[in-house]
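Working notes for the structure below.
Derivation of every value follows stated rules applied to the coordinates shown; laboratory data play no part. It should be emphasised that the depicted structure is a prediction, and the values quoted were computed from it without experimental measurement. When we count neighbours, we look across all protein chains shown, and the Cβ atoms used for this are built from the backbone with ideal geometry, even at glycine.
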Amino acid sequence: MKTIFRFSYALGVFSLMGAGLLFAEEAAATDLSDNAASVLKWLAISMGFGLGIAAAGCGLGQGKVVAAAMEGISRNPQGAKDMFVPLILGLAFIELLVLLTFVFVFIFNAAFSIA
């Protein structure tokens, strides 16, 4: 498990470093339209990464919540009715984080778009 974590960490670091090399451009005469396009390009990339990280984190969180609820129900089957409503509320609040991230992506896209 430790080697898988190290490998995924190294892959993530190298892919983020590679993105900078992939979008590297030669120094040219800078005017406002080139700078604005460059900012929008990096904003789009960062929004994609942010949404992906939020979705991955919430997916992991939901998995842990459900696993803990199933473990609690297996230890005390009579308590299943008492655990159901807090479980659903917790899952809804976790999913709300992804939905808010999704909304912010659209707000930032609308606010910084060039017409």
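Starting with the fewest neighbours, write out ILE53, ILE45, ILE94, ILE4 ranked by other beta-carbon atoms found within 10 Å of each beta-carbon. Mind showing how you got there, number by number?
Working: ILE53 11, ILE45 14, ILE94 17, ILE4 8.
Fewest-to-most Cβ neighbours within 10 Å comes out as ILE4, ILE53, ILE45, ILE94.
Please give every one of the lysines within straight-line cross-link reach of LYS64, meaning a C-alpha to C-alpha distance under 26 Å, and leave out same-chain neighbours fewer than 8 residues apart.
Within the straight-line limit of under 26 Å, LYS64 reaches these lysines: LYS2, LYS81.
Please state the shape class of segment 33-115: rounded when a/c is under 1.5, otherwise prolate if a/b exceeds b/c and oblate if not, all from the C-alpha gyration tensor. Don't jump to the answer; show the numbers that get you there.
On the way: a/c = 10.19, a/b = 3.53, b/c = 2.89.
Taking the square roots of the gyration eigenvalues as a ≥ b ≥ c, segment 33-115 is prolate.
Between ILE45 and VAL65, 0.36 nm times their residue separation minus their Cα-Cα distance comes to what?
Values: separation 20, 0.36 × 20 = 7.20 nm, distance 3.03 nm.
This chain segment gains 4.2 nm when fully extended.
How much FRET efficiency would the formula 1/(1 + (r/R0)^6) give for PHE102 and ARG6, where r is the Cβ-Cβ distance and R0 is 30 Å, rounded to 0.05?
Values: r = 31 Å, r/R0 = 1.03.
Working from the Cβ atoms, E equals 0.45.
Please give the FRET efficiency for ALA92 paired with ILE53, using the beta carbon to beta carbon distance and R0 = 22 Å, rounded to the nearest 0.05.
Values: r = 20 Å, r/R0 = 0.93.
Between ALA92 and ILE53 the formula returns 0.60.
HN-Hα J couplings of segment 45-62 from phi, Karplus 6.51/-1.76/1.60, θ = phi - 60°, integer Hz, Gly and Pro as x?
With coefficients 6.51, -1.76 and 1.60, one gets 5, 5, 5, x, 5, x, 5, x, 5, 5, 5, 5, x, 5, x, 5, x, 5 Hz.
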